[in-house]
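These notes are about the structure you will find just below.
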């Protein structure tokens, strides 16, 4: 598929900016996304003018326009009861757990010791059950699979080792009860050298079940003399055993290009935390330059075909 844009940007991007919010804030970005019945829902990360983030729900009938945004924050940090949230809550990823009849929201709690992974369960996005931290710092970019594997839940996440030269890789862990996690293992290594995904990678939206396997969209960070560039690539995991990586793209599939993606609070960033599947179509909601929310669409079959053509297991 030469020169074909697999992810097609909505021509009127961005779809939500801080100016659309019903209260004062610095920026809005990195939203989890779900469709419930006939309503599209975004759980958006909003950074206030202190620099502390919280989460606010927005919904729309078409997933594109006329977003109705909660007049007050939906989820705020509660450091008095959850001290790990002292510097905010960020980057929600939402997975429906059929066995639990609940939505699981993995998010980054920004503690005094660094970011860590926390978990919330909800049945209606009105009442929330905080399970608290499920991974110690530093760790983020976490999302659950919607099903169990051999009686255990699976979660993808991204711990960080501060030792020079180690890199930040995508990990996989398992749990019998959503609270206690073990069997930690590296799932996808970051590459090294001049690769687009060298040294630091992480999951974007939750894994998406397809006929060929679990489709992953992940970000890679390239360090340049003018700053970092956040681009997106694809990977595919075995449906029955997610420890098996069937494919990984050698090229990026989506990269900052438009002005609203290149200039903002953090330049040159496309960062999705949520996508919604509608038959063969994907609606991808992504943070643009850590300043606003944008939309792109893609076809699942085309993504899978492209990944077959660009499959590489080279670690670099």
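Descriptive notes on the structure:
- Search result, residues across the range 251-263 that are within 27 Å of residue 308 (Cα to Cα) and part of a helix (DSSP H, G or I): none
- Unmet requirement for residue 305, which otherwise passes all of (1) touching a residue at least 40 places away in the same chain (Cβ under 8 Å); (2) under 27 Å from residue 28 (Cβ atoms): (2)
- Here 233, 316 are screened, and the one residue that is modelled with pLDDT of 95 or more and either more than 28 Å from residue 47 (Cα to Cα) or surrounded by 14 or more Cβ atoms within 10 Å (Cβ to Cβ) (or both) is 233.
- Meets criteria (in contact with a strand residue (DSSP E or B) (Cβ under 8 Å, 6 or more places away or on another chain) and in contact (Cβ under 8 Å) with a residue 60 or more places away in the chain) for residue 136: no
- The range 201-225 - residue that is out of contact with any helix residue (DSSP H, G or I) (no Cβ under 9 Å at 6 or more places or on another chain) and without any contact (Cβ under 8 Å) to a residue 40 or more places away in the chain and, of those, surrounded by the fewest Cβ atoms within 10 Å (Cβ to Cβ): 225
- In the range 167-178, residue nearest to the chain's Cα centre (by Cα) [restricted to those that are surrounded by 12 or more Cβ atoms within 10 Å (Cβ to Cβ) and within 18 Å of residue 118 (Cα to Cα)]: 170
- Verdict on residue 241 being assigned to a loop (DSSP other than H, G, I, E, B) and in contact with a helix residue (DSSP H, G or I) (Cβ under 6 Å, 6 or more places away or on another chain): no
- Listed by position, the strands (runs of 3 or more DSSP E) enclosed by the range 1-78 that each have at least 2 residues that are free of Cβ contacts under 8 Å to residues at least 60 places away in the same chain and closer than 30 Å to residue 253 by Cβ are 39-47, 53-60.
- Hits in the range 286-313 (condition: within 10 Å of residue 9 (Cα to Cα) and either under 15 Å from the mean Cα position of the chain (by Cα) or modelled with pLDDT under 95 (or both)): 294, 295, 296
- Among all positions in the range 130-150, there is at least one residue which is surrounded by fewer than 18 Cβ atoms within 10 Å (Cβ to Cβ) and farther than 30 Å from residue 56 by Cα.
- Of the residues making up the range 139-171, those that are at pLDDT below 95 and either in contact with a strand residue (DSSP E or B) (Cβ under 8 Å, 6 or more places away or on another chain) or closer than 16 Å to residue 92 by Cα (or both) are 160, 161, 167, 168.
- Residue match in the range 264-273 (condition: on the phi > 0 side of the Ramachandran plot, under 19 Å from the mean Cα position of the chain (by Cα) and either part of a strand (DSSP E or B) or surrounded by 22 or more Cβ atoms within 10 Å (Cβ to Cβ) (or both)): no
- First in the range 159-184 and closer than 18 Å to residue 107 by Cβ, second anywhere and at pLDDT below 90 and in a loop (DSSP other than H, G, I, E, B), Cβ under 9 Å, 6 or more apart: 160/166
- For the range 98-105, the condition holds for no residue, the condition being that it is farther than 24 Å from residue 208 by Cβ and surrounded by 14 or more Cβ atoms within 10 Å (Cβ to Cβ).
- Set 114, 132, 63, 88: member being in contact with a helix residue (DSSP H, G or I) (Cβ under 9 Å, 6 or more places away or on another chain) and on the phi > 0 side of the Ramachandran plot: 132
The values are calculated or read from the model by the stated rules, or taken from the named source; none is laboratory data. The structure displayed is predicted, hence computed values, not measured ones. No Cβ is skipped: glycine too gets one built from the backbone with ideal geometry, and neighbour counts run over all protein chains shown.
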